[in-house]
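Q: What follows is a single structure, and I will ask about it in a moment.
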Amino acid sequence: MELINTFFNWDVMVRAFPILLRGLGNTVMLGIVTIIIGTIAGLLLCLVRLYAVRPIQLLAILYIDVFRALPILVLLILVYYALPFVGIRLDSFTSATMALSMVLAAFTAEVCRAGIQNVPKGQFEAAASLGMPFWKSMRKIILPQAIRVIIPPLTSNSISVFKDTALASVVAMPDLLKQANDAQAMMANPTPLIGAALIYLAILWPLVRLVGYLEARNQRAVAR
Amino acid sequence: MTSSPAPLAAQMSDVNKWYNDYHALRSINLEVARGERIVVCGPSGSGKSTMIRCINQLEKHDSGTIAVNGVTLTGDLKQLNTVRQDVGMVFQHFNLFPHLTVLENCVIAPMTVRNIARKEAEEMAMSYLSRIHIAEQAHKFPSQLSGGQQQRVAIARSLCMQPNLMLFDEPTSALDPEMVHEVLETMVSLARDGMTMLVVTHEMGFARKVADRVIFMDHGEICETAPPEDFFKSPQNERARVFLSQLIH
């Protein structure tokens, strides 16, 4: 009973819920903006990595390597606490969006590269032999075929980055975790933290299942 | 579609190509006259495919000049795309677009490259598809067709761009034996219509039937060029003799 009163205190939960909801709004916003920017930037980065002139390709490879290796938290703190020293002062939402999407773009680029390289060479040749310019054949022929392979790992990376939005609480963004933590301090009870954990689970569990489903569907398509 | 087709559909002079140290094409000289049907044969690795793939630059040559429909290829991408619009190619493995239906395979290039309206492009595609007896399969996906049907669709897809030169890169080599015939038949009827054709194949019956000239290649060189009746009866080149004797077995 003591345990339930401490971790699952209904009164505290009811009082904390509106605060958590506000945090959830910020978390979802941060997650969605990051996923959109990171995915688009990642695709462009991948095309540069594959098809640009050699020196620019090397820059793209360098970018991808660095941002896959760098911990997001380190990057976030650099953006938020170090950039002001050179006069670039970004609010916590912008800092978090920037740091998260820079990293997501690097991972997305690798996923897209695998997807594009999975399309048989003959498809590129057939499109070229019909006189289709590079961008048209990319858009109409190659990417629609690559997307099947890209979607599951892309979704998986998006889930990862959505979880990493919790890091934004470190730079004082009022996201779900920060709000829960504040409520916990204010009410001197950890129930809001449990609430936040349950909300994360409720959103992300179905997406994790979705990835499993997409992967299984791809396996079947390959087997056919 | 070209305003005034040059008398030569394709011309290669002193063309060389290397893959690293491997000399894949050795000083190739070839003229393809408008309306001419040429069959290219030779052992595997002799450079036949590489040669015809140089004409639409799926392979880049290292030296010499190539002109297609009177346009000397410079390596400029825009020019190349324009040249490729008039040069159809049929591949050994069909290379149909698997995410598009048969009809969409046929209209995508005319619509996106030549800016032809969908309705007009579909009418043209359907007329080619019915010529190869595949009109009723127009809304199926390539994977739902047999190999022979897929290859005929690939031919129709090329024709929808209304090319004036068709390149065939071993079009029947990947087919089950019983499907070779239907594809060859389509190619014969194309030849009868006066299409300029450059065909890499081991189908000697096809060569006898439609070729104006047979070219024999070995080790990246053109060893012999002759009308089919002479080539098959009395090949001058020793390697060609050996090659033909092996085919008969």
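Q: Just the residues that are more than 14 Å from chain A (Cβ to nearest Cβ) and surrounded by fewer than 18 Cβ atoms within 10 Å (Cβ to Cβ), please, taken from the range B:97-117.
A: B:Ala117
Q: Which residue is farthest from the other protein chains (Cβ to nearest Cβ), if the candidates are limited to the range A:113-123 and must be more than 10 Å from A:Ile150 (Cα to Cα) and surrounded by 14 or more Cβ atoms within 10 Å (Cβ to Cβ)?
A: Only one residue tops the list, namely A:Val119.
Q: Shifting gears a bit: Could you please let me know if B:Ala138 is within 14 Å of chain A (Cβ to nearest Cβ), surrounded by 16 or more Cβ atoms within 10 Å (Cβ to Cβ) and under 18 Å from B:Ser158 (Cα atoms)?
A: Answer is no for this residue.
Q: Can I ask one more? Return the residues of the range B:24-34 that are in contact (Cβ under 8 Å) with a residue 24 or more places away in the chain and surrounded by fewer than 16 Cβ atoms within 10 Å (Cβ to Cβ); say none if nothing qualifies.
A: Start the filter on the range B:24-34 by keeping residues that are in contact (Cβ under 8 Å) with a residue 24 or more places away in the chain, which leaves B:24-30, B:32-34.
B:Ser27, B:Asn29, B:Ala33, B:Arg34 - these are the residues of the range B:24-34 that are in contact (Cβ under 8 Å) with a residue 24 or more places away in the chain and surrounded by fewer than 16 Cβ atoms within 10 Å (Cβ to Cβ).
Q: Let me ask another. I'd like the residue in the range A:124-136 that is more than 17 Å from B:Phe94 (Cα to Cα) and in a helix (DSSP H, G or I) and, out of all such residues, is farthest from the other protein chains (Cβ to nearest Cβ).
A: A:Trp135
Q: When you scan the range B:145-249 for helices (runs of 4 or more DSSP H) that lie fully inside it, which ones turn up with 1 or more residues that are among the hydroxyl-bearing types (Ser, Thr, Tyr)?
A: Of the helices (runs of 4 or more DSSP H) lying wholly inside the range B:145-249, those with at least 1 residues that are among the hydroxyl-bearing types (Ser, Thr, Tyr) span B:147-159, B:177-192, B:238-248.
Q: The conditions are (1) within 17 Å of the chain's Cα centre (by Cα); (2) among the aliphatic types (A, V, I, L, M); (3) buried (at least 21 other Cβ atoms within 10 Å of the Cβ); (4) more than 14 Å from chain B (Cβ to nearest Cβ), and A:Ile150 fails exactly one of them. Which is it?
A: Single failed check for A:Ile150: (4).
Q: Output the residues belonging to the range B:87-105 that are in contact with a Leu (Cβ under 7 Å, 6 or more places away or on another chain) and not β-branched (Val, Ile, Thr).
A: B:Gly88, B:Met89, B:Asn105
Q: Examine the range B:40-59 for a residue that is within 23 Å of A:Ala126 (Cα to Cα), within 14 Å of chain A (Cβ to nearest Cβ), surrounded by fewer than 16 Cβ atoms within 10 Å (Cβ to Cβ) and of a type in the set (Val, Ile, Thr), and state whether such a residue exists.
A: Within the range B:40-59, not a single residue is within 23 Å of A:Ala126 (Cα to Cα), within 14 Å of chain A (Cβ to nearest Cβ), surrounded by fewer than 16 Cβ atoms within 10 Å (Cβ to Cβ) and of a type in the set (Val, Ile, Thr).
Q: Let me ask another. Tell me the helices (runs of 4 or more DSSP H) entirely within the range A:1-84 that contain at least 1 residues that are closer than 27 Å to A:Ile194 by Cβ and aliphatic (A, V, I, L, M).
A: Values: elements: A:2-7, A:10-51, A:54-69, A:72-77.
Answer list for the range A:1-84: A:2-7, A:10-51, A:72-77.
Q: Let me ask you something else. Taking A:Tyr213, is it farther than 30 Å from A:Tyr81 by Cβ and either aliphatic (A, V, I, L, M) or in a helix (DSSP H, G or I) (or both)?
A: Yes.
Q: Could I ask something else about it? Which one is farthest from the other protein chains (Cβ to nearest Cβ) among residues in the range B:75-91 that are surrounded by fewer than 23 Cβ atoms within 10 Å (Cβ to Cβ) and assigned to a loop (DSSP other than H, G, I, E, B)?
A: B:Gly75
Q: Given the criteria buried (at least 20 other Cβ atoms within 10 Å of the Cβ), more than 14 Å from every other protein chain (Cβ to nearest Cβ), farther than 30 Å from B:Glu104 by Cβ and at pLDDT 95 or above, does A:Ala106 qualify?
A: Here the answer is yes, as A:Ala106 does meet what is asked.
The values are calculated or read from the model by the stated rules, or taken from the named source; none is laboratory data. Every value quoted in this text rests on a predicted model; they were computed, and no experiment measured them. Backbone-built Cβ (ideal geometry, glycine too); neighbour counts: all protein chains shown.
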